[in-house]
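Q: Sharing a structure with you now.
The values are calculated or read from the model by the stated rules, or taken from the named source; none is laboratory data. Bear in mind that the values here come from a model prediction, so they are computed numbers and not experimental data. Ideal geometry is used to build each Cβ from the backbone, glycine not excepted, and the neighbour counts take in all protein chains shown. Heavy atoms of the whole protein, side chains included, go into the accessibility calculation; ligands, DNA and RNA do not. Shrake-Rupley method; radii C 1.70, N 1.55, O 1.52, S 1.80 Å.
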Amino acid sequence: MSLFKARDWWSAALGEGEEFDQGCLCVGDVDNSGTGHDKIVVGSYMGMLRIFSPNANKLSDGGMAESQLLEVQLQNAIIQVEVGKFVSCSDLLHLAVLHPRKLSVYSVTGSSGNVEHGDQYQLKLVYEHNLQRTACNMTYGTFGGVTGHHSLCIQSMDGMLMFFEQDSYSFGRFLPGFLLPGPLVYSPRTDSFLTVSSARQLEGYKYETLAVATDAESRQDSDLLPKTGGKRLTPDWTFVLGEQALDISVPSFSHSSSSILVLGERNLFCLRDNGQIRFMKKLEFNPSCFLPYISVKDGTTNLLLGNHNNMLLVYQDVTLKWAAQLPLVPVAVRVANLPELKGVVVSLSSDGHLLCSYMGTDPSFFSTPKVDAREADYEQIDAEMKKLQKFIREATRTQDILPKSDAVDDLSVKATVSSCLDTPSVNTQAQMFFMN
């Protein structure tokens, strides 16, 4: 248990009976306010989309209602939400929402209210794609080195990567040897896609390799490509992890080294861009999520790591720098710049507990009582001991071994025999039978 606790700055309970996962939380200036303040976007498996803007001036009993900008009930479950430049010919940020069979891109706009209730926010659909296969997760980035906008890549449950450039579908490729979907992330430094296969190994695929591979309509067709003369898709490099991965992250801030971070079930892996191991940290707990963030020291990477012991740990490479206690088990963690407070740690639990906290040494309201540290008076202790022993001897001397019986018995039994008895009975018919 940690000596320090994460300081609760703002929190909210998101509905009842809703479920959340690591892809259900993202932060960003989704309404393009230009203030540099992030908004918190949360989607649930029940299809509820919420956007929050916590403020220190709204920390009252109605803080959640005042901080909530938007709440919309969508028709399908929300698997993942992301904020990026997903609309062509526009530098504004938009919201991408991934459903099991649909990809929707929305614009969030706010207008000043004319009354005291504040600003009004609206969610407008820009475009959507109906998916032919059930989606598992997605990633986005500047695929192929194209700058100015972001493209989207969706991984299906049967192992197909589907690429979308804004409102148009580009192509799809089946991953080789696929069995179950794993985490997916895009690395802009090498223009590669990273995922963990069912063989428990990390695989890297360059976007160029995916683009030039022969298209296939089904997985059976992709397995027959070598026989028909097509170019079969193979990974550019692999690294054996030996365990299933919970998440993959590629830090892209300037002070970080060129690293690929993989959170396993029992280990934390750090690799270079070419797949060579940089370091590995063995974890003595069950991790739940992690997030790399910028470090002030060149060549190192800081990361937040949550576990199932309600702990939030801060690592600098393999060195533990800080540990704080959380009131929840986080399944997703982000760092946001909110009004009046930058670097807020935003964490989300699987049952919908949203928490904005910071780590520090602010004292808690509970203070440890002072301990009486006076010296012991041995003469007084000896006198008190003799007095207690005297009481024990007197109590032992006057106490009987067997308990005394009560003067009046609860039950008495008396036996009385009558003096007048009947004469012995004789069977006369039996006597006559024997005489004859």
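Q: Determine the relative contact order of region 82-188: mean sequence separation of Cα pairs under 8 Å and six or more apart, normalised by residue count, in whole percent. Please list the in-between numbers first.
A: On the way: 224 pairs, mean separation 22.1, N = 107.
Worked out over region 82-188, it gives 21 percent.
Q: Further question on the same structure: How many Å² of accessible area per residue for region 108-200, probe 1.4 Å?
A: On the way: 4460 Å² over 93 residues.
Using a 1.4 Å probe on heavy atoms only, each residue of region 108-200 averages 48 Å².
Q: How charged is the neighbourhood of M280? Take every other residue with its Cβ under 15 Å from the Cβ of M280, and add Lys/Arg as +1 and Asp/Glu as -1.
A: Details: positive: R200, R266, R272, R278, K281, K282; negative: E243, E265, E284, D317.
Local charge sum for M280: +2.
Q: Just going by the charge dipole of region 21-130, with Lys and Arg at +1 and Asp and Glu at -1 on Cβ, which of C24, I40, L70 is farthest out on the positive end?
A: C24
Q: Before anything else, pin down the relative contact order of region 21-130: Cα pairs under 8 Å, at least 6 apart, normalised by residue count, whole percent. Don't skip to the end; give the middle numbers.
A: Values: 232 pairs, mean separation 23.7, N = 110.
This gives 22 percent for region 21-130.
Q: Going through region 240-302, which GluC sites (Glu not before Pro) have at most 11 other Cβ atoms within 10 Å and a DSSP loop state? Mind dumping the intermediate values first?
A: Values: sites: E243, E265, E284; in loops: E243, E265, E284.
Here the sparse-neighbourhood loop sites are E284.
Q: Further question on the same structure: If each residue of separation counts as 0.36 nm, what is the full-extension length gain between Q325 and D158 once their alpha-carbon separation is subtracted? Show your work: numbers first, answer last.
A: On the way: separation 167, 0.36 × 167 = 60.12 nm, distance 3.88 nm.
Contour length minus Cα-Cα distance gives 56.2 nm.
Q: Measuring from centroid to centroid over Cα atoms, what is the spacing of region 288-311 and region 124-163 in Å?
A: 27 Å
Q: How much of the accessible area of region 21-130, in percent, comes from carbon and sulfur atoms when a 1.4 Å probe is used?
A: Details: 2310 of 5230 Å².
After summing per-atom areas, the C and S share lands at 44 percent.
Q: Filter the cross-link list K102/K124; K39/K321; K5/K297; K281/K342; K39/K297; K297/K342 down to pairs whose alpha-carbon distance in this structure exceeds 21 Å.
A: Values: K102/K124 16 Å; K39/K321 28 Å; K5/K297 25 Å; K281/K342 29 Å; K39/K297 28 Å; K297/K342 19 Å.
K39/K321; K5/K297; K281/K342; K39/K297, as the Cα separations exceed 21 Å there.
Q: While we're on this one: What is the spin-label model distance, in nm, from S168 to N76 if the labels are put 7 Å beyond Cα along the C-beta direction?
A: 2.3 nm
Q: To the nearest 20 debye, what is the magnitude of the charge dipole of region 21-130 about its Cα centre, counting +1 on the Cβ of each Lys and Arg and -1 on the Cβ of each Asp and Glu?
A: Working: 7 positive and 12 negative charges, 73 e Å.
Dipole magnitude for region 21-130 comes out near 360 debye.
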